[in-house]
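Quick notes on the structure that follows.
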Amino acid sequence: MTEGRGAPEKVPRFVPMRGFGAGGAAGAFRPSRGLPAAVAALALLAIGGLTAVHVVSALLGLPVKLVPYEQWARWASTTAWDDGRTLAVASALALIGLMLILIAVVPGRGRMIALRTGDPDLVVGLPRRALARALGARAGEVDGVRAAGARMRGWHADVSVRTDLRDTTALAERVRAAVEDELARLAPAHHISLNVRVRGPS
């Protein structure tokens, strides 16, 4: 090693977060699906409450007929399984159940994006709008860019810039490289695809 030179500078390295994993880090900021869960819970509570009222009132000899269950029971006992109305009701119930399962299983888009850090036990959340502003600001620093902005659409970033230059192809490559460098610096836990649009002089 040459005398007078210090030790080589250590480059920070991002490591996977223990206890979070590749998908767990993003899942830490996944929306809780509170509204669908509340709707399903209220529906089950209403059905259970009506059932309890009917059963208790019948046991007391004062049946309360809030729901025309006798008419429904008569219709169910006289209607075949292959009847069009029966199939329509069964299909509607199956569709509702499938939608509830998909809402519970498919990950939603949260307002925060998980970022990797140098600490394997630490995960940082960045608002989507803040990430869009950071990408737009980085694109605006490229030489030749007059104005820049960015929007987040799911796990996709749309970056648009305006320029007075005629050669927009070379500028688009420079903007893409700068924004990709900013994404690498922020290190989101989930891969974010990038689309760059350049508008030249009209």
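When you scan the stretch 186-196, do you find a residue that is assigned to a helix (DSSP H, G or I) and within 25 Å of L115 (Cα to Cα), even just one? I'd like the intermediate steps shown before the answer.
The initial filter retains those residues of the stretch 186-196 that are assigned to a helix (DSSP H, G or I), namely 186.
With the extra rule that they be within 25 Å of L115 (Cα to Cα), the set shrinks to 186.
Among the residues of the stretch 186-196, at least one is assigned to a helix (DSSP H, G or I) and within 25 Å of L115 (Cα to Cα), which makes the answer yes.
Criterion first (of a type in the set (K, R), open to solvent by 30 Å² or more (accessible area, probe 1.4 Å), touching a helix residue (DSSP H, G or I) at 6+ places or on another chain (Cβ under 8 Å) and within 30 Å of T117 (Cβ to Cβ)) does R151 satisfy it?
Details: of a type in the set (K, R): yes; open to solvent by 30 Å² or more (accessible area, probe 1.4 Å): yes; touching a helix residue (DSSP H, G or I) at 6+ places or on another chain (Cβ under 8 Å): yes; within 30 Å of T117 (Cβ to Cβ): yes.
Yes, satisfied.
Is there any pair with a first residue in the stretch 183-202 that is on the phi > 0 side of the Ramachandran plot and open to solvent by less than 40 Å² (accessible area, probe 1.4 Å) and a second that is at pLDDT 90 or above and not hydroxyl-bearing (S, T, Y) whose Cβ atoms are under 8 Å apart and which are 6 or more apart or on different chains, and what are they?
none
Tell me which of these A148 doesn't satisfy, since it passes every other one: (1) modelled with pLDDT of 90 or more; (2) part of a helix (DSSP H, G or I).
(2)
Assess whether V175 counts as being open to solvent by less than 50 Å² (accessible area, probe 1.4 Å), of a type outside the set (S, T, Y) and either closer than 25 Å to L35 by Cβ or not in a helix (DSSP H, G or I) (or both).
Against the criterion (open to solvent by less than 50 Å² (accessible area, probe 1.4 Å), of a type outside the set (S, T, Y) and either closer than 25 Å to L35 by Cβ or not in a helix (DSSP H, G or I) (or both)), V175 does not qualify.
Return the total of residues in the stretch 154-172 being within 29 Å of T117 (Cβ to Cβ) and either surrounded by fewer than 18 Cβ atoms within 10 Å (Cβ to Cβ) or among the small types (G, A, S) (or both).
5
For the stretch 103-117, indicate whether the set of residues that are of a type in the set (V, I, T), without any contact (Cβ under 8 Å) to a residue 12 or more places away in the chain and not in a strand (DSSP E or B) is non-empty.
yes
Just a yes or no: is a residue in the stretch 161-171 at pLDDT 85 or above, of a type in the set (G, A, S) and in a helix (DSSP H, G or I)?
Among the residues of the stretch 161-171, at least one is at pLDDT 85 or above, of a type in the set (G, A, S) and in a helix (DSSP H, G or I), which makes the answer yes.
Identify the residue in the stretch 126-141 that is surrounded by 18 or more Cβ atoms within 10 Å (Cβ to Cβ) and of a type in the set (A, V, I, L, M) and, among all such residues, is farthest from D164 (Cα to Cα).
Residue satisfying both the conditions and the ranking: L131.
The values are calculated or read from the model by the stated rules, or taken from the named source; none is laboratory data. For clarity, every value in this text was computed on a predicted model and none was experimentally measured. Positions of Cβ are backbone-derived with ideal geometry, glycine not excepted, and every protein chain shown enters the neighbour counts. For the accessible areas, the whole protein counts, side chains as well, though only heavy atoms, and no ligand, DNA or RNA atoms are used. Shrake-Rupley method; radii C 1.70, N 1.55, O 1.52, S 1.80 Å.
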